[in-house]
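Asker: Before anything else, here's the structure in question.
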Amino acid sequence: MTGTAARALPLALILLAAWPAAASPGKRSPKPDEPAGAPTLRLSVSPRNGFRPLTLTLTGHLDGVDPGDEQYCHAGVEWESRTPNGLTVTSKEDARCLHPPEKVDVQSTFTKITTITQPGTYVFRLILHRRDGEKLLSNTQEIRVLDNQ
């Protein structure tokens, strides 16, 4: 083995060892302008594929938010989906805080059940609208609906 190859091998092994941790979908490194404990919104869908009509349960989990954070108190909830022909469909729920500031109630789980009747590949995302107008986007989930004929 040459001197250059011998020096490159340890570096390659270090990069390979670090790669699975960096590629892990459950962890997200903060952007430069975000604090280290920035809120995250994760979307999961069950089932991920099946024959039509396919009934899905979409579940969003909000993490990293203080239960007393008034910006997330009754956040607006928007479910977004992209159909196989590229059409984006949204369903928005504009919840508003109607209680006094000392009774802040941050919801951390969001659920929607929907049925897809047409075959194809769909992509879903959850968007939370904070009280100050900022948005928090979830990951996307791809769903495959098969024709049963």
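Residue-by-condition table, conditions (1) modelled with pLDDT under 95; (2) not β-branched (Val, Ile, Thr):
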position: Pro35; (1), (2): yes, yes
position: Gln71; (1), (2): yes, yes
position: Gly86; (1), (2): yes, yes
position: Thr90; (1), (2): yes, no
position: Leu126; (1), (2): no, yes
position: Arg130; (1), (2): yes, yes
position: Gly133; (1), (2): yes, yes
position: Leu136; (1), (2): no, yes
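Asker: Hey, does segment 80-88 have a residue that's at negative phi and among the small types (Gly, Ala, Ser)?
Answerer: Checked segment 80-88: at least one residue is at negative phi and among the small types (Gly, Ala, Ser).
Asker: If we only count strands (runs of 3 or more DSSP E) wholly inside segment 57-138, which ones have 2 or more residues that are surrounded by 13 or more Cβ atoms within 10 Å (Cβ to Cβ)?
Answerer: Qualifying strands (runs of 3 or more DSSP E): 76-82, 109-116, 120-129, 135-137.
The values are calculated or read from the model by the stated rules, or taken from the named source; none is laboratory data. Quantities reported herein were computed from a predicted structural model and do not represent experimental measurements. Backbone-built Cβ (ideal geometry, glycine too); neighbour counts: all protein chains shown.
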